[in-house]
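Below is one structure; the comments refer to it alone.
The values are calculated or read from the model by the stated rules, or taken from the named source; none is laboratory data. Because the structure is predicted, anything quoted here is derived from the model rather than measured. Every residue, glycine among them, receives a Cβ derived from its backbone with ideal geometry; neighbour counts consider all protein chains shown.
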Amino acid sequence: MSLSLCSFLLLFVSLVYGQERGSLRLIRFGQYSSSHTSGRLQVYYNDNWGSICGHPSSSPFSVEAATVACRQLGYQGARSFSRAAGDTYGTGAAAVIDDINCASVPQALVLFRCSFSTYVDLACTASDDVGIECFPNRIWSNPFPKMVRLQDGIYSNEGRVEVYCSGQWGTICSQTALSTAIADTLCRQLGYTSSTNSTAIPYNITTDSNHIAHGGIAGTCSSSQVCLRNCINNCSPTTCGGYPTPYITCEYSTSSTTTSLLRTCDTGTYPRGDGAIRLVQNNQTSPSYTSGRVQVYYNNDWGSICFRSTFSDTVANVICHQLGFTHALSWSYASNDSFGIDSYKPVFDDIQCSSGQLLNVQQCSYSTDINFECTDRDDVSVTCSPTRYEDTPFDGMVRLNGSDFTNEGRIEVYCSGQWGVICNTLASSGIRTICRQLGFNDYFSSSTLSIPSTSVVPVWFSSLSCSYSYNCVSDCSSCPSSPSFACSHDSAAIAQCYNDRSASTISQSVETCQLTQTGTATHGSIILYRNGTVSNRFTSGRVLIYITAWGTICRYASFGSTEADAVCRQLTYTGASEWSYSQIDNFGTYATRSYVLIDVDCSGGEDVLLQCSTSVLTNIACSDQTDVSVTCYETRIWNNPYNGMVRLVNGDFSNEGRLEVYCSGQWGTVCDNSFSSTDGLTACEQLGYNRIISTDYKSDPGNASQPIWLTNVACTSSDTCLTQCNSCPTASVSSCSHSEDVYIRCGISGTPQISSCRYTSSFTESPQSGAIILTRNNEYSPSFTSGRVVMYGIGSSTASNRRWGNICRLSVFQQANADVICHQLTFSGASSFSYAELDLFGTDQSITLLDDVSCSSSEYLMLFQCSVDTVINSLCTNDDDISVTCYSTRIWNDPFNGAVRLSNGEYVNSGLLEVYCNGEWGTVCDDSFSSSAATAVCRQLGYSSFYRFEHLELVGTSSTPIWLDDLSCSTGDSCLSDCQRCPGSSDNHNCVHSEDVTITCTSTTPSGSSNPNYRTCSYINTGAIIGGTIGSVAGVVIISILVFLVLRDKHKKGQLHNPFRNVRNPFRNVRNPFRSIRWNVPQSTTTPTPARATIELETIPAPPTNQPQEPTRQPPPSYNPNGYPPVSEQIPTAPQQEPLPYPTVGIGAGLAYPPPTQFGFNPPTTDPDSKSPPVDVPAASDGEGLRKGEPPPYDPSWGYPPTY
């Protein structure tokens, strides 16, 4: 048959059969050619060719989708993609496909294997039609045995069948068309779902000179086969004698996904994930090569590196490091070297490495948007030094062995002069650390490798105690002196490392882990230097800080006393008395510094310097005349300890040492029984660090007279204080000796958080925004009625950034603010307030959270009901931190029906929910208790919302009634009594106390609750009281009238003498129950709309008793939502007194502390070490117009109750 006839028949078959569902083509100005490598992308769908929408916002197209489209067209991948608005391919048919997403199947061979929509977004226009540019490298340029391709078809989904066998491509001999099963298998291997046509075309002696025997194929392919290799037995060249060759057409049906992916039918060995690198010489590769074409495994395929733009010696060094060599001797590219031209597309361009000491080329910056000038002749090659890093190993060095690829293999560690393995019980954190030590940022949790074992090396570790942040094996465990027998060599651990493109790269270098081993200094370590000498005992000197080497701190641009305090606190001193710099101090210059730390800026309260913001200057712009020095106070921060405080002693640097904890008035050690890296990290976080480097770095037994306070410490990853893991005991541990004392090394990664353990070390409940406490000399107790005000969380909307902090007194702090703080602490008000410079509560190093606090009403329940500012006045210092002294009476001491409170919580905004009904406090059952109910409770208490409920292990006592059950609240309720009123008895439930509700309330922004004060919710029950009172009185009156009429009638008839003649009127001394009712109704000239009226009932005093009363002590005033004292009472003038022995501040000359004993109060001790709270005021007796337990009237001239 002539070639012209053959071509005609081929064209006819193509035109008839080639246009099948899922076919792709590239169009340029309306013209199609199968040789196009770029153009407008069109897909055949519903019997029509149409474009693909790539609207940038509603229907974004991706490089993954472009790569899959290029594969379907027979190319290795996409160089780029575009929209009609930005390319030069012209416009085409209307869009028929939209929202293509190939992220879940990046190895797809056919575009329809990705997800897509046939509903085209209305925003799509012709200018959004997708265009692509493919690399000219064909996908079959790097064939594998029994690979299939279709040739000479009009479209890529059709053509003459060719198979790669015995190192060459050839056709299949077939007298007739292939069977449907075989044709379907061929199509599935190419990524389609089935064939729509199978025919045979005449043999062409010119193109079909090599053939593959057909005998092993017929009848052996099933309908489920995906790869031809599963049903072909014979694959060798043969002569077909002029038989026709098969020609098939494939389609993709979305009803089936039984198709091949890029590597499904390839039996070759490939790396797993990005990160492998290899050298190729004339299409051959070997791990032993020291020179060759560089190929990187990226996005599931091998690719080359284009040398254009920025390739340099620095990059070549990093490539050789990744291959295991010490450095690069030279680099070149394909046009100039002798390694041959490969057929792989370029994957990296414009590579720039910040350091030649990096370990992995993907630690550098690079572009995958390849320069259009890059061709196969621009592919990079390198020649590495034959010297390998492992030729000069150090203890803790790691390598991966037994694989063809550099990113995977059997884990081997160098210890005690010999390479050895680790048991396969190695945890994922250990594998991650090993991968990071090699420069990779991630790992596969399960291995797919099978690597032969080796019995000639020792087993060094059964496991490693690694933290998530570790970068070196030596951070996890020190090298043992003898092998482990915990496992056999057949059970050696295997790692498969890779680079996660979505995660940040790591800065691991060749020296990183070696530097860790050669000394105990770690990132963030600080020591003082004096004229060539360093010592951890210096209290003054030049500040040296270790980042990747020792460096100094430049005084520019923000170093000051706050930053000097942070340096001294890290050195375990209480603060800095002064700071200076090289030009004017006498500590000498540190000439060998490797870098300079600049722009150090601390907010105050930091425990380690790197909790502050800093910058590293590597070009040494600051001179050695600007290096900072400090002089620290000689007092240690642990001289004023709290229960649960920790410290490190006898270390070379302040970030390491024997771990000691303060309990029961004495420092003691911690036993290493079950002490883990998690426990060590918790101790480090309490000290201000955020990384545990070692928990058994050295042995340093404590003094024989010291107690051993803790053993079997059980911390979780969320603990940040050691006593959250184990509480302080009362007796020393007897099961351990001091030879088992824990010694740890702490480190820093990133910016650590400031520790708050000095406030919460004995608690297990996490604070939430809105928590508030009082501290005295850095000690906290819920029983304190006076102390430094410390709040949690306010000032940051991000939970991870919330912290404890103080309130600045500057600007507008007033008595009303102090009252609200005391209300939030559940007390009835404040007798006075002061600040750190004048009071005796010690200096608190926490940051300042709030400034410009202004409460428009002293009756608010929570500070966030007031206006506050989180932008702190630059003049605020630790000396300006507010303190308050509250009355000892609780705000709930005069409750009303429906009043609520939270009891027994570790903070005032959390605890067991209790409600007051029928004269008694009781609990609430959790049946049907919802978020709406929790919100109503928190709003009633002054908070804006709740954090959690039913989460605390708190229950009421057996004698406590359960008042409410099956609550039904709406989202707008602000009082619990809006949901359900007090029942007549506590029997109306089916609950037990294990079902009692607990709540944690929170307020994160200065909006607070809509409830202004404690009695806002009392109106509901007040109405019931009034109604009941009116009904009772009316009933008595009616009965009395009826009795009187009956008796009068009988008296007139002479039947009865007056029985009441000598009886005393029983109502004569009964107080009018309505006399003390005040109706606070807004005044208006018009008839007001019925609304809630705030009604307050003053308690009727009990009958007088014969108990003597203290003549000099007056009862406190009644609680009045309009302020202290009630307007009806006159405040007598306080008598003149001698000047008080302690400072005062407040309204007028208000005292900073409770007044002297002659005024009914005892002043606090002036001993700064005393932990006893001031003596609180005893409750006064009842009296007319006064409530039991309420505070005495506030006298603005004195700040405490006057005498009468």
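The condition of being farther than 22 Å from residue 817 by Cβ and at pLDDT below 95 holds for only one of 873, 904, 878, that being 904. Exactly one residue out of 846, 832 is at pLDDT 90 or above and buried (at least 23 other Cβ atoms within 10 Å of the Cβ): that is 832. The requirement of being at pLDDT 90 or above and among the hydroxyl-bearing types (Ser, Thr, Tyr) is satisfied by residue 935. Filtered by the rule that a residue be surrounded by fewer than 15 Cβ atoms within 10 Å (Cβ to Cβ), over 18 Å from residue 605 (Cα atoms) and of a type outside the set (Asp, Glu), the stretch 616-660 gives 616, 618, 619, 620, 621, 623, 625, 650. Looking only at the stretch 153-171, which residues are touching a residue at least 60 places away in the same chain (Cβ under 8 Å), crowded, with 18+ Cβ neighbours inside 10 Å and not aromatic (Phe, Trp, Tyr)? Result: 153, 154, 156, 157, 158, 159, 160, 161, 163, 165, 170, 171.
Using the structure shown, decide if residue 702 is more than 24 Å from residue 754 (Cα to Cα), free of Cβ contacts under 8 Å to residues at least 12 places away in the same chain and either among the basic types (Lys, Arg) or not assigned by TED's automatic domain parsing to the domain that holds residue 481 (or both). First the steps, then the outcome.
Numbers: more than 24 Å from residue 754 (Cα to Cα): yes; free of Cβ contacts under 8 Å to residues at least 12 places away in the same chain: no; either among the basic types (Lys, Arg) or not assigned by TED's automatic domain parsing to the domain that holds residue 481 (or both): yes.
Considered against the rule, which asks whether it is more than 24 Å from residue 754 (Cα to Cα), free of Cβ contacts under 8 Å to residues at least 12 places away in the same chain and either among the basic types (Lys, Arg) or not assigned by TED's automatic domain parsing to the domain that holds residue 481 (or both), residue 702 comes out as no.
Residues in the stretch 297-328 that are under 21 Å from residue 502 (Cβ atoms) and either in contact with an Asp or Glu (Cβ under 8 Å, 6 or more places away or on another chain) or part of a helix (DSSP H, G or I) (or both): 297, 298, 299, 322. Just one of the listed residues (898, 922, 911) is on the phi > 0 side of the Ramachandran plot and part of a strand (DSSP E or B), and it is 911. Residues that are more than 15 Å from residue 715 (Cα to Cα) and in contact with a Cys (Cβ under 9 Å, 6 or more places away or on another chain) within the stretch 662-686 comprise 662, 663, 664, 669, listed in sequence order.
Considering only residues that are more than 11 Å from residue 746 (Cβ to Cβ) and among the polar types (S, T, N, Q), look in the stretch 683-714 and name the one that is surrounded by the fewest Cβ atoms within 10 Å (Cβ to Cβ).
Going residue by residue through the stretch 683-714, those that are more than 11 Å from residue 746 (Cβ to Cβ) are 696, 698-714.
Filter once more, keeping what is among the polar types (S, T, N, Q): 699, 703, 705-706, 711-712.
Values: 699: 12, 703: 9, 705: 6, 706: 17, 711: 20, 712: 14.
Among residues in the stretch 683-714 that are more than 11 Å from residue 746 (Cβ to Cβ) and among the polar types (S, T, N, Q), the one surrounded by the fewest Cβ atoms within 10 Å (Cβ to Cβ) is 705.
In the set (1) of a type in the set (A, V, I, L, M); (2) at pLDDT 90 or above; (3) over 21 Å from residue 814 (Cβ atoms), residue 840 fails one condition alone, (2).
Report those strands (runs of 3 or more DSSP E) wholly inside the stretch 343-418 carrying at least 3 residues which are surrounded by 21 or more Cβ atoms within 10 Å (Cβ to Cβ).
Values: elements: 346-352, 365-367, 380-384, 398-401, 408-415.
Of the strands (runs of 3 or more DSSP E) lying wholly inside the stretch 343-418, those with at least 3 residues that are surrounded by 21 or more Cβ atoms within 10 Å (Cβ to Cβ) span 346-352, 380-384, 408-415.
State whether the residues of the stretch 126-133 include one that is in the same structural domain as residue 54 (by TED's automatic domain parsing) and either at positive phi or surrounded by fewer than 20 Cβ atoms within 10 Å (Cβ to Cβ) (or both). So far as the stretch 126-133 goes, yes, one or more of its residues are in the same structural domain as residue 54 (by TED's automatic domain parsing) and either at positive phi or surrounded by fewer than 20 Cβ atoms within 10 Å (Cβ to Cβ) (or both).
Could you tell me whether residue 508 is closer than 30 Å to residue 442 by Cα, at pLDDT 85 or above and not hydroxyl-bearing (Ser, Thr, Tyr)? No. Scanning the stretch 66-106 for residues that are under 16 Å from residue 347 (Cα atoms), touching a strand residue (DSSP E or B) at 6+ places or on another chain (Cβ under 7 Å) and in a helix (DSSP H, G or I) yields 66, 67, 68, 70.
In the stretch 624-641, the condition of being at pLDDT below 85 and among the acidic types (Asp, Glu) is met by at least one residue. Restricting 324, 340 to residues that are at pLDDT 85 or above, surrounded by fewer than 22 Cβ atoms within 10 Å (Cβ to Cβ), outside the structural domain of residue 134 (by TED's automatic domain parsing) and small (Gly, Ala, Ser) narrows the list to 324.
Of all residues in the stretch 678-707, those being assigned to a helix (DSSP H, G or I) and in contact with a helix residue (DSSP H, G or I) (Cβ under 7 Å, 6 or more places away or on another chain) number 3. The single condition from (1) farther than 19 Å from residue 921 by Cα; (2) at pLDDT 50 or above; (3) outside the structural domain of residue 933 (by TED's automatic domain parsing) that residue 1019 fails is (1). If the condition is being within 17 Å of residue 141 (Cα to Cα), part of a strand (DSSP E or B) and not hydrophobic (A, V, I, L, M, F, W, C), then the stretch 259-287 contributes 281, 284, 285. Looking at the stretch 948-962, can you tell me whether even one residue there is of a type in the set (Ser, Thr, Tyr) and surrounded by 22 or more Cβ atoms within 10 Å (Cβ to Cβ)? Checking the stretch 948-962: not a single residue is of a type in the set (Ser, Thr, Tyr) and surrounded by 22 or more Cβ atoms within 10 Å (Cβ to Cβ). Does the stretch 244-258 contain at least one residue that is at pLDDT 80 or above, among the aromatic types (Phe, Trp, Tyr) and outside any loop (DSSP other than H, G, I, E, B)? Yes; the residues of the stretch 244-258 include at least one that is at pLDDT 80 or above, among the aromatic types (Phe, Trp, Tyr) and outside any loop (DSSP other than H, G, I, E, B). The lone criterion from (1) touching a Leu at 6+ places or on another chain (Cβ under 7 Å); (2) surrounded by fewer than 23 Cβ atoms within 10 Å (Cβ to Cβ); (3) among the small types (Gly, Ala, Ser) left unmet by residue 665 is number (1).
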